[in-house]
Amino acid sequence: MINKLIILLSLLTVLISCGGGGSGSSSSSSSSTPTQNTETPQSNPLKEVDLLSPNGDSIQTSIAYTKDDQLEGLQNVQDSEFAENEGKLFFYLNDSARTFWMPNTYFNLDIIYLDEEMKIIDIVWNMPHYTGDNNEDIPRAPTITSRHVLEMKAGSPISSSLEVGDTLKWNSTLTLDETESQIAERLGNE
């Protein structure tokens, strides 16, 4: 009996040290955590979200909600470092007129303007990239009032399938409302 207990404790120790018993990114989710979908948990739901197109295509999206992250955007990201199924979501807490520009970018973008429910309200297709930072030469998208803005690689199969009026599904361990509340709390503490 003692030998079985020692073996069991040894196995448990190995599992814990390998990450089997810790939090982090595992394929299962605790049932006590409110979720919208537990199939694709993110390591940090305030930094990553899986957005689903109406066709069910997955957009692996990083979230930019701090001023620094939003100013950085996709600057200095090389074409080979950003897949066609990736996106950058500029997450805001209110609707406002938004102007996007493209300093130090290396590939063209489709800029997708969203309302508070992730419904597409406008799209600027194939916004030209600009590898410099000379202010007067930097391409700028038209000013459009929106809540959030999603940038995707121009002409990608997923972005090309999107239309004004489509709604992107928020697929995360936090709901869209929970994400907004936690971001508001974090921004209020900065």
- Query: Within region 108-156, restricting attention to residues that are aromatic (Phe, Trp, Tyr) and at pLDDT 95 or above, which residue is nearest to GLY87 (Cα to Cα)?
  - Reply: TYR113
- Within region 126-135, residues crowded, with 17+ Cβ neighbours inside 10 Å and assigned to a strand (DSSP E or B) come out as MET127
- Item | Residue that is under 30 Å from ASN189 (Cα atoms) and not in a loop (DSSP other than H, G, I, E, B), where the choices are TYR113, TYR92 | TYR113
- Residue check for ASN126: in contact with a His (Cβ under 6 Å, 6 or more places away or on another chain) and among the polar types (S, T, N, Q): no
- Query: Pick from region 73-125 the residues that are touching a helix residue (DSSP H, G or I) at 6+ places or on another chain (Cβ under 7 Å) and over 20 Å from VAL164 (Cα atoms): which of them is surrounded by the fewest Cβ atoms within 10 Å (Cβ to Cβ)?
  - Reply: LEU93
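The values are calculated or read from the model by the stated rules, or taken from the named source; none is laboratory data. As the structure is a prediction and not an experimental result, all values here were calculated from the model. Cβ coordinates were reconstructed from backbone atoms using ideal geometry, including for glycine residues, and neighbour counts include every protein chain displayed.
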